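First up is the structure itself, then whatever we jot down about it.
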């Protein structure tokens with residue numbers, strides 16, 4: 001896809017000059033500006049879905065997210081596409097993650113691999129150009145920022161945080177996690193190394209990094225528990241990390 005202004009973005013809209021190109025396929029730098037969440041409007045997100053993925057949007061609404069931006073997208077189903085999903089999630093990665101398209105590519109292939117193995121994971125809807133993601137460049141007040149976009153199938157259900165906890169539920173979660181771990185041992189991809197981010201806060205071996213955020217808990221019983229868990233991790237896990245499978 002050649003460079004050009006995406007449809008639905010007037011010049012008066014936050015000085016947005018929007019361009020896109022398909023890509024075939026995050027780093028550890030924790031700079032606030034780079035990690036800032038994308039701030040696309042509903043109208044902009046809808047226009048991107050239609051221009052990049054060739055789908056007609058009937059309704060769109062924002063979804064909760066951490067450092068990316070997500071939208072629940074409803075599609076007008078064509079008569080000759082009865083088997084196609086009518087609900088998707090438009091996932092717009094933050095600028096830092098978007099600088100590593102290899103990471104996004106591997107994540108997409110992991111999701112598709114697990115789905116093929118029977119796990120309830122999202123499928124990736126290709127762009128009109130047949131690729132798994134598209135890079136959109138936004139010319140804003142602080143310079144040009146690039147954001148990788150993916151369109152994922154929507155998975156209906158209830159978040160586990162909204163379900164009353166029970167021994168059976170915890171057992172099922174553990175059982176699924178074990179099955180997931182076992183299945184992922186079979187996953188192969190030439191760019192798999194991009195998933196290994198040493199200073200990434202969500203990397204389980206980086207539990208000690210949580211100490212810098214303890215003030216968010218104040219002086220509470222929860223803080224005491226977290227401090228104890230972090231110390232146990234330092235004493236019992238860190239010395240043995242070299243013996244664990246990654």
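None of the figures in this text is laboratory data; all of them are computed from the coordinates on show. Note that the coordinates shown come from a computational prediction; the quantities given were computed from them, not determined experimentally. Cβ coordinates were reconstructed from backbone atoms using ideal geometry, including for glycine residues, and neighbour counts include every protein chain displayed.
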Exercise for the section: For segment 201-246, state what percent of all Cα-Cα pairs lands in each successive 5 Å bin, counting from 0 Å until the bin that includes the largest distance. Expected result: 4, 21, 27, 24, 13, 6, 4, 0
Problem - Distance between modelled label sites at residue 59 and residue 200, nm, 7 Å Cα→Cβ extension - result: 3.5 nm
Handout entry: Order by protection proxy (mean Cβ within 10 Å, highest first), peptides 164-177, 42-55
Key = 42-55, 164-177
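Using 0.36 nm times the number of residues separating residue 117 and residue 182, minus their current alpha carbon distance, what extension gain do you get?
On the way: separation 65, 0.36 × 65 = 23.40 nm, distance 1.13 nm.
22.3 nm is the gain from fully extending residue 117 to residue 182.
Once R0 is set to 30 Å, what does the formula 1/(1 + (r/R0)^6) return for the Cβ-Cβ distance between residue 168 and residue 39, expressed as a FRET efficiency to the nearest 0.05? Present the calculation step by step, with values, prior to reporting the outcome.
On the way: r = 41 Å, r/R0 = 1.37.
E(calc), rounded to 0.05, equals 0.15.
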Exercise for the section: Could you check the simple spin-label distance between residue 234 and residue 222, using points 7 Å along Cα→Cβ, in nm with one decimal? Expected result: 2.2 nm
